[in-house]
Amino acid sequence: MLAQRGPPPTILLAGFAPSADAPDDPSAALAVALARDKPGGATCVAAILPALWCGAQQALDEAIARERPDAVVMLGFCDAAAGFHVETCAHNRACPDERDWTGRCWPGLRLAPGGPQWLRVPLAETLHAGLRAVTPLVTVADGGASDVRNGALWSALYRASAPPVGYIAVPRAADSLAAAGAPCATTLTRSGILHAVRHALACLAAQTGAPSSSSLASHSIASHSIASRSPASSPAPSNANGVSALARMRAETSEPARVGATA
(Lines give C-alpha, C1' and ligand atoms only; values in the text may rest on other atoms or scores of the structure.)
Protein backbone atom coordinates (compact mmCIF):
# COMPACT_ATOMS: atom_id res chain seq x y z
CA MET A 1 0.00 0.00 0.00
CA LEU A 2 2.82 2.40 0.88
CA ALA A 3 6.33 2.88 -0.44
CA GLN A 4 9.30 0.99 0.96
CA ARG A 5 11.02 2.38 4.04
CA GLY A 6 13.40 5.26 3.46
CA PRO A 7 14.13 8.57 5.16
CA PRO A 8 11.71 9.59 7.96
CA PRO A 9 8.41 10.49 6.32
CA THR A 10 6.53 13.76 6.57
CA ILE A 11 2.89 13.45 7.63
CA LEU A 12 0.49 16.34 7.10
CA LEU A 13 -2.10 16.49 9.90
CA ALA A 14 -5.20 18.42 8.82
CA GLY A 15 -7.72 19.42 11.48
CA PHE A 16 -10.84 21.56 11.19
CA ALA A 17 -11.21 24.91 12.89
CA PRO A 18 -14.14 25.21 15.33
CA SER A 19 -17.26 26.54 13.63
CA ALA A 20 -20.83 27.48 14.46
CA ASP A 21 -22.06 23.92 13.87
CA ALA A 22 -19.12 22.38 15.77
CA PRO A 23 -17.86 24.94 18.30
CA ASP A 24 -16.13 22.24 20.35
CA ASP A 25 -14.33 20.61 17.42
CA PRO A 26 -10.94 19.58 18.91
CA SER A 27 -9.36 18.34 15.67
CA ALA A 28 -7.31 21.48 14.92
CA ALA A 29 -5.89 21.62 18.44
CA LEU A 30 -5.11 17.89 18.23
CA ALA A 31 -3.27 18.38 14.93
CA VAL A 32 -1.19 21.18 16.40
CA ALA A 33 -0.35 19.15 19.51
CA LEU A 34 0.68 16.10 17.46
CA ALA A 35 2.80 18.25 15.13
CA ARG A 36 5.08 18.95 18.10
CA ASP A 37 5.88 15.23 18.31
CA LYS A 38 7.73 12.91 15.99
CA PRO A 39 5.68 9.70 16.28
CA GLY A 40 7.71 6.85 14.88
CA GLY A 41 10.38 9.35 13.83
CA ALA A 42 8.05 11.07 11.38
CA THR A 43 7.96 14.80 10.89
CA CYS A 44 4.39 15.99 11.46
CA VAL A 45 3.12 19.29 10.09
CA ALA A 46 -0.26 20.75 11.08
CA ALA A 47 -2.74 22.47 8.78
CA ILE A 48 -5.97 24.01 10.06
CA LEU A 49 -8.86 23.87 7.60
CA PRO A 50 -11.80 26.29 7.80
CA ALA A 51 -15.21 24.60 7.95
CA LEU A 52 -16.10 25.98 4.53
CA TRP A 53 -17.09 24.08 1.40
CA CYS A 54 -14.47 25.64 -0.86
CA GLY A 55 -12.19 26.98 1.86
CA ALA A 56 -11.41 23.57 3.38
CA GLN A 57 -10.54 22.02 0.02
CA GLN A 58 -8.41 25.02 -1.00
CA ALA A 59 -6.55 25.13 2.32
CA LEU A 60 -5.79 21.40 2.11
CA ASP A 61 -4.59 21.68 -1.50
CA GLU A 62 -2.30 24.55 -0.54
CA ALA A 63 -0.90 22.65 2.45
CA ILE A 64 -0.18 19.57 0.32
CA ALA A 65 1.54 21.69 -2.34
CA ARG A 66 3.56 23.57 0.30
CA GLU A 67 4.64 20.66 2.52
CA ARG A 68 4.84 17.88 -0.09
CA PRO A 69 4.00 15.25 2.56
CA ASP A 70 4.42 11.51 2.19
CA ALA A 71 0.97 10.98 3.74
CA VAL A 72 -2.01 13.06 4.84
CA VAL A 73 -4.06 12.25 7.93
CA MET A 74 -7.23 14.30 8.28
CA LEU A 75 -8.69 14.67 11.76
CA GLY A 76 -12.41 15.26 12.20
CA PHE A 77 -14.90 15.37 15.05
CA CYS A 78 -17.81 13.15 16.04
CA ASP A 79 -19.49 14.84 18.98
CA ALA A 80 -21.67 12.03 20.34
CA ALA A 81 -19.29 9.16 19.55
CA ALA A 82 -18.05 6.72 22.18
CA GLY A 83 -14.71 6.39 20.40
CA PHE A 84 -12.79 6.93 17.19
CA HIS A 85 -14.34 6.59 13.72
CA VAL A 86 -11.98 5.65 10.87
CA GLU A 87 -13.37 6.60 7.46
CA THR A 88 -12.96 3.99 4.73
CA CYS A 89 -14.31 6.00 1.79
CA ALA A 90 -15.58 9.41 0.73
CA HIS A 91 -18.60 10.12 -1.46
CA ASN A 92 -18.94 12.43 -4.43
CA ARG A 93 -22.04 14.12 -3.09
CA ALA A 94 -23.22 17.17 -1.22
CA CYS A 95 -26.43 17.65 0.71
CA PRO A 96 -28.34 20.65 -0.68
CA ASP A 97 -29.37 21.61 2.85
CA GLU A 98 -25.88 21.27 4.38
CA ARG A 99 -24.58 24.77 5.04
CA ASP A 100 -21.10 25.71 6.14
CA TRP A 101 -20.61 28.20 8.95
CA THR A 102 -21.07 31.14 6.55
CA GLY A 103 -24.46 29.79 5.54
CA ARG A 104 -23.40 28.71 2.07
CA CYS A 105 -24.35 25.39 0.43
CA TRP A 106 -22.45 23.48 -2.22
CA PRO A 107 -23.84 24.42 -5.67
CA GLY A 108 -25.09 21.01 -6.72
CA LEU A 109 -25.65 17.47 -5.54
CA ARG A 110 -22.20 16.22 -6.60
CA LEU A 111 -18.81 17.58 -5.64
CA ALA A 112 -17.47 16.90 -9.14
CA PRO A 113 -20.04 16.08 -11.84
CA GLY A 114 -18.69 13.22 -13.91
CA GLY A 115 -16.26 12.14 -11.19
CA PRO A 116 -16.30 8.76 -9.41
CA GLN A 117 -19.26 8.19 -7.11
CA TRP A 118 -16.94 7.31 -4.24
CA LEU A 119 -13.26 6.86 -3.47
CA ARG A 120 -11.53 4.55 -1.02
CA VAL A 121 -9.37 5.90 1.81
CA PRO A 122 -6.05 4.06 1.39
CA LEU A 123 -4.70 4.55 4.93
CA ALA A 124 -7.86 3.38 6.73
CA GLU A 125 -6.57 -0.09 7.65
CA THR A 126 -3.21 1.14 8.98
CA LEU A 127 -4.79 3.87 11.12
CA HIS A 128 -7.49 1.50 12.37
CA ALA A 129 -4.90 -1.07 13.46
CA GLY A 130 -2.81 1.58 15.19
CA LEU A 131 -5.75 2.90 17.19
CA ARG A 132 -6.99 -0.60 18.04
CA ALA A 133 -3.62 -1.48 19.54
CA VAL A 134 -4.32 1.13 22.22
CA THR A 135 -8.10 1.12 22.71
CA PRO A 136 -11.09 -0.99 21.63
CA LEU A 137 -13.13 2.20 21.18
CA VAL A 138 -12.66 2.29 17.42
CA THR A 139 -15.21 1.76 14.65
CA VAL A 140 -15.07 2.05 10.86
CA ALA A 141 -17.39 4.27 8.82
CA ASP A 142 -18.19 4.26 5.10
CA GLY A 143 -18.24 8.00 4.58
CA GLY A 144 -22.01 8.33 4.81
CA ALA A 145 -21.92 12.08 5.47
CA SER A 146 -22.46 14.72 2.77
CA ASP A 147 -20.94 17.62 4.67
CA VAL A 148 -17.92 19.92 4.42
CA ARG A 149 -15.61 17.33 5.98
CA ASN A 150 -16.61 14.63 3.49
CA GLY A 151 -16.11 17.20 0.74
CA ALA A 152 -12.56 17.94 1.87
CA LEU A 153 -11.73 14.23 2.17
CA TRP A 154 -13.16 13.42 -1.26
CA SER A 155 -11.28 16.34 -2.78
CA ALA A 156 -7.99 15.14 -1.24
CA LEU A 157 -8.53 11.64 -2.63
CA TYR A 158 -9.45 12.98 -6.07
CA ARG A 159 -6.50 15.37 -6.26
CA ALA A 160 -4.33 14.72 -9.32
CA SER A 161 -1.10 13.99 -7.42
CA ALA A 162 -2.30 13.34 -3.89
CA PRO A 163 -0.22 11.36 -1.38
CA PRO A 164 -1.99 8.55 0.51
CA VAL A 165 -4.78 9.91 2.71
CA GLY A 166 -6.44 8.77 5.95
CA TYR A 167 -9.24 10.18 8.10
CA ILE A 168 -9.87 9.79 11.84
CA ALA A 169 -12.90 11.34 13.55
CA VAL A 170 -12.25 11.83 17.26
CA PRO A 171 -14.84 11.96 20.06
CA ARG A 172 -15.26 14.79 22.50
CA ALA A 173 -13.01 13.92 25.44
CA ALA A 174 -14.54 12.65 28.66
CA ASP A 175 -12.73 15.20 30.83
CA SER A 176 -13.95 18.04 28.58
CA LEU A 177 -17.51 16.80 28.87
CA ALA A 178 -17.21 16.45 32.65
CA ALA A 179 -15.85 19.97 32.99
CA ALA A 180 -18.80 21.29 30.99
CA GLY A 181 -21.28 19.24 33.02
CA ALA A 182 -22.43 17.47 29.83
CA PRO A 183 -23.44 13.80 29.47
CA CYS A 184 -20.39 11.66 28.76
CA ALA A 185 -20.49 9.29 25.77
CA THR A 186 -16.89 8.08 26.02
CA THR A 187 -14.24 7.11 28.55
CA LEU A 188 -11.44 8.52 26.38
CA THR A 189 -9.74 11.53 27.93
CA ARG A 190 -7.84 14.25 26.07
CA SER A 191 -4.52 12.60 26.89
CA GLY A 192 -5.95 9.21 25.89
CA ILE A 193 -7.06 10.55 22.51
CA LEU A 194 -3.63 12.12 21.96
CA HIS A 195 -1.88 8.88 22.93
CA ALA A 196 -4.01 6.71 20.63
CA VAL A 197 -3.65 8.96 17.57
CA ARG A 198 0.08 9.32 18.23
CA HIS A 199 0.39 5.53 18.19
CA ALA A 200 -1.60 5.29 14.93
CA LEU A 201 0.76 7.82 13.35
CA ALA A 202 3.78 5.85 14.58
CA CYS A 203 2.34 2.74 12.89
CA LEU A 204 1.90 4.73 9.69
CA ALA A 205 5.45 6.08 9.90
CA ALA A 206 6.79 2.55 10.34
CA GLN A 207 5.23 1.50 7.03
CA THR A 208 6.30 4.39 4.86
CA GLY A 209 9.41 6.29 3.86
CA ALA A 210 9.88 9.04 1.32
CA PRO A 211 8.00 7.76 -1.75
CA SER A 212 9.08 8.79 -5.20
CA SER A 213 6.92 10.88 -7.48
CA SER A 214 6.14 7.74 -9.49
CA SER A 215 4.70 6.00 -6.42
CA LEU A 216 2.53 9.01 -5.71
CA ALA A 217 1.30 8.97 -9.31
CA SER A 218 0.49 5.26 -9.03
CA HIS A 219 -1.55 5.94 -5.89
CA SER A 220 -3.45 8.70 -7.68
CA ILE A 221 -4.26 6.48 -10.66
CA ALA A 222 -5.43 3.67 -8.38
CA SER A 223 -7.74 6.01 -6.50
CA HIS A 224 -9.26 7.47 -9.64
CA SER A 225 -9.86 4.10 -11.31
CA ILE A 226 -12.33 2.91 -8.68
CA ALA A 227 -15.63 1.96 -10.30
CA SER A 228 -18.49 4.39 -9.81
CA ARG A 229 -20.49 2.10 -7.58
CA SER A 230 -21.63 2.44 -4.01
CA PRO A 231 -19.44 0.83 -1.32
CA ALA A 232 -22.32 -1.45 -0.33
CA SER A 233 -22.38 -3.03 -3.80
CA SER A 234 -18.63 -3.01 -4.46
CA PRO A 235 -15.91 -5.47 -3.39
CA ALA A 236 -14.19 -4.45 -0.15
CA PRO A 237 -10.45 -3.68 -0.38
CA SER A 238 -8.32 -6.81 0.00
CA ASN A 239 -4.84 -7.36 1.36
CA ALA A 240 -2.11 -9.47 -0.23
CA ASN A 241 -3.64 -12.67 1.18
CA GLY A 242 -6.95 -12.01 -0.50
CA VAL A 243 -8.67 -11.34 2.82
CA SER A 244 -11.15 -8.49 2.88
CA ALA A 245 -9.43 -5.73 4.85
CA LEU A 246 -12.67 -3.89 5.53
CA ALA A 247 -14.44 -7.06 6.70
CA ARG A 248 -11.54 -7.89 9.00
CA MET A 249 -11.54 -4.38 10.45
CA ARG A 250 -15.26 -4.60 11.22
CA ALA A 251 -14.83 -8.07 12.73
CA GLU A 252 -12.04 -6.82 14.97
CA THR A 253 -14.24 -3.98 16.16
CA SER A 254 -16.71 -6.48 17.63
CA GLU A 255 -14.04 -8.66 19.25
CA PRO A 256 -12.16 -8.16 22.52
CA ALA A 257 -9.06 -6.06 22.00
CA ARG A 258 -5.95 -5.15 23.89
CA VAL A 259 -6.61 -2.14 26.05
CA GLY A 260 -3.80 0.30 26.72
CA ALA A 261 -3.67 3.44 28.81
CA THR A 262 -6.34 5.91 27.79
CA ALA A 263 -5.35 8.62 30.20
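The values are calculated or read from the model by the stated rules, or taken from the named source; none is laboratory data. Here the structure is a predicted model, which is why all the values come from computation and not from measurement. Note that each Cβ is placed from the backbone with ideal geometry, even for glycine, and that neighbours are counted across all protein chains shown.
Some points to look at:
- One residue alone among Ala56, Ala82, Ala71 is surrounded by fewer than 21 Cβ atoms within 10 Å (Cβ to Cβ) and either touching a Pro at 6+ places or on another chain (Cβ under 6 Å) or touching a residue at least 12 places away in the same chain (Cβ under 8 Å) (or both), and that residue is Ala82.
- On inspection, Thr10 qualifies as touching a Ser or Thr at 6+ places or on another chain (Cβ under 6 Å), touching a residue at least 40 places away in the same chain (Cβ under 8 Å) and closer than 22 Å to Tyr158 by Cα.
- The strands (runs of 3 or more DSSP E) located wholly in region 81-162 include none with 3 or more residues which are of a type in the set (A, V, I, L, M) and at pLDDT 90 or above.
- Residues of region 64-112 that turn out to be out of contact with any helix residue (DSSP H, G or I) (no Cβ under 8 Å at 6 or more places or on another chain) and of a type in the set (Asp, Glu), as a count: 4
- Taking the numbered list (1) in contact (Cβ under 8 Å) with a residue 40 or more places away in the chain; (2) surrounded by 20 or more Cβ atoms within 10 Å (Cβ to Cβ); (3) not in a helix (DSSP H, G or I) in turn, Ala47 passes all entries but (1).
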